[in-house]
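Enquirer: Provided herewith is a single structure, encoded as structure tokens, for subsequent inquiry.
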Ligand SMILES: NC(=O)c1ccc[n+]([C@@H]2O[C@H](COP(=O)([O-])OP(=O)(O)OC[C@H]3O[C@@H](n4cnc5c(N)ncnc54)[C@H](OP(=O)(O)O)[C@@H]3O)[C@@H](O)[C@H]2O)c1
């Protein structure tokens with residue numbers, strides 16, 4: 001069964017490929033990238049590495065030929081991805097892909113103010129209307145983003161600035177999201193199902209900051225601010241307000257319109273979603289925020 005992975009060179013995609021190689025021959029993988037040279041090491045193993053660009057629909061139609069299943073890893077232009085995703089879904093249907101799996105976000109509703117939802121909600125609808133079988137993987141906020149990307153900042157400044165006002169979410173390790181996706185791609189019975197891929201506990205950012213302090217030994221004070229205060233912090237970090245392709249800051253291709261509206265949605269309770277779908281899909285309990293901090297003390301609390 002030939003399986004297409006978009007975003008195969010990214011953090012999520014490369015981990016997915018690594019795990020899929022344990023479950024299927026490299027020859028069954030069709031890996032999509034705008035820069036095939038980046039994936040030469042996988043081509044050398046036998047994978048089919050093909051040029052594909054979400055902004056170039058014709059490239060996708062040829063790139064997806066022969067694929068039966070596809071993992072559409074959402075693009076990085078948060079707030080402006082619907083056209084890109086439409087191109088990918090149309091090309092997959094036209095190329096004869098039978099089953100498409102998609103990385104969405106939890107807490108989807110038309111009322112949710114988060115920019116990510118404005119991308120994911122129409123994308124989910126287009127997938128369901130495409131005629132292909134589908135599986136929606138609604139990922140919670142990555143634990144990695146707050147522990148590994150933001151954590152060193154919080155520790156250095158001693159402050160965790162947030163506008164979430166006690167709103168809770170259930171952060172999930174990116175690797176647990178990937179394990180869930182791999183289980184869907186390699187397993188059976190996931191047709192036309194939606195899963196909430198979450199961590200094991202609901203917590204607010206004051207509790208998160210408390211864990212960071214107690215486990216690293218560096219005091220991090222949780223400080224409440226408003227949306228303007230959040231924009232000021234992200235501006236100071238050099239994060240663009242609107243998406244800029246391929247510009248990564250602290251390892252993330254992000255923009256502050258995304259982050260500020262994400263915090264708003266946490267504040268308003270839209271991301272208060274917890275589920276046992278990771279364990280149901282993978283047979284393993286999702287890992288906690290505490291575990292990620294403990295496993296990364298060398299980065300977070302250098303001697
Ligand atoms: N739930 C959360 O908290 C959370 C946090 C962060 C990200 N995410 C989601 O997870 C996704 C993957 O994240 P990541 O960390 O793996 O991102 P990443 O490391 O920045 O990788 C992005 C990938 O997207 C591909 N890409 C970007 N623009 C493209 C285009 N125009 N056409 C085709 N491919 C394109 C890149 O491929 P090439 O450069 O090789 O073409 C790359 O493989 C994100 O896009 C986002 O939707 C979720």
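No value in this document is a laboratory result; all are computed from the given coordinates. This is a predicted model, so every value here is computed, not measured. All Cβ positions, glycine included, derive from the backbone under ideal geometry; neighbour counts span all protein chains shown.
Enquirer: What is the fewest-to-most order of 262, 270, 51 by other Cβ atoms lying within 10 Å of their Cβ? Numbers along the way, then the final one.
Expert: Numbers: 262 27, 270 22, 51 14.
Ordered from fewest to most neighbouring Cβ atoms within 10 Å, 262, 270, 51 come out as 51, 270, 262.
Enquirer: Mind jotting down a quarter of the surface of the convex hull over the alpha carbons of the range 85-212, in square nanometres, one decimal? The partial results should precede the final answer.
Expert: Working: hull surface 35.8 nm².
The number I arrive at for the range 85-212 is 8.9 nm².
Enquirer: Output the antiparallel fraction of DSSP beta bridges having both residues in the chain, as a percent to the nearest 5.
Expert: Values: 3 of 34 bridges.
Expressed as a percentage, antiparallel bridges in the chain total about 10.
Enquirer: Follow-up. If I build a Gaussian network model for the chain, linking alpha-carbon pairs within less than 10 angstrom, which residue out of 167, 189, 52 has the largest mean-square fluctuation?
Expert: 189
Enquirer: When only alpha-carbon atoms are used, what values of Rg and Dmax, in angstrom, describe the chain?
Expert: Reported Rg and Dmax, both Å: 19.1, 56.
Enquirer: Report the Cα centroid-to-centroid distance between the range 66-104 and the range 169-200 in angstrom, as an integer.
Expert: Spelled out, the Cα-based centre of one part sits 17 Å from the other.
Enquirer: Between residue 27 and residue 206, what is the label-point separation in nm under the 7 Å Cα-to-beta-carbon projection?
Expert: 6.0
Enquirer: In nm, to one decimal, how far is the modelled label at residue 56 from the one at residue 245, with both set 7 Å along Cα→Cβ?
Expert: Each label point lies 7 Å from its Cα, and together they span 1.0 nm.
Enquirer: What is the calculated FRET efficiency for residue 214 to residue 153, with r their C-beta to C-beta distance and R₀ = 22 Å, to the nearest 0.05?
Expert: Working: r = 18 Å, r/R0 = 0.83.
Efficiency, from the Cβ-Cβ distance: 0.75.
Enquirer: If r is the Cβ-Cβ distance from residue 301 to residue 65 and R0 is 51 Å, what FRET efficiency results, to the nearest 0.05?
Expert: Working: r = 50 Å, r/R0 = 0.98.
In this case the efficiency is close to 0.55.
Enquirer: If you don't mind, another one. Using helices alone, I'd like the mean residue ellipticity at 222 nm for the chain: each DSSP H run of four-plus residues gives -39500 (n - 2.57), total over residue count, nearest 500.
Expert: Details: 13 runs with 122 residues, N = 303.
My calculation for the chain gives -11500 deg cm²/dmol from helical runs alone.
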